[in-house]
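Visitor: Take a look at the following structure, please.
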């Protein structure tokens, strides 16, 4: 699903008067593209693209926002590790 002509024209209309070679303009156009992108959230690919967007935005941030993103990822990983630990302990209890 490439960019259709209508989408490119819409971006051009929103960026009228801005220098197309300016890095800030390019970043703003990428931001608009991410905001308007629609993908199914009920598929594995949709979930993974959402995680990729989160990781990309976390890598671009600094300071408190980056700390909050690292904290969220850490809590998620802690939950996964604890779930695996408890599941393995239950399995080993049942077997032995």
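The values are calculated or read from the model by the stated rules, or taken from the named source; none is laboratory data. Nothing here was measured: the structure is a model prediction, and the numbers come from that model. Using ideal geometry, Cβ is built from the backbone for each residue, glycine included, and neighbour counts are taken over all protein chains shown.
Visitor: Given the conditions (1) loosely packed, with under 11 Cβ neighbours inside 10 Å; (2) at pLDDT 80 or above; (3) assigned to a helix (DSSP H, G or I), and given that residue 66 satisfies all but one, which numbered condition is not satisfied?
Guide: (1)
Visitor: List every residue pair whose Cβ atoms lie under 8 Å apart, where the two residues are 6 or more positions apart in sequence or sit on different chains, the first residue falls within region 70-96 and is farther than 30 Å from residue 51 by Cα, and the second residue, located anywhere, is surrounded by 10 or more Cβ atoms within 10 Å (Cβ to Cβ).
Guide: Nothing qualifies.
Visitor: Tell me the residue from 92, 82, 48, 18 that is modelled with pLDDT under 90, more than 24 Å from the chain's Cα centre (by Cα) and either in a helix (DSSP H, G or I) or surrounded by 10 or more Cβ atoms within 10 Å (Cβ to Cβ) (or both), please.
Guide: On the way: 92 fails: modelled with pLDDT under 90; 82 fails: modelled with pLDDT under 90; 48 fails: more than 24 Å from the chain's Cα centre (by Cα).
Answer to the check: 18.
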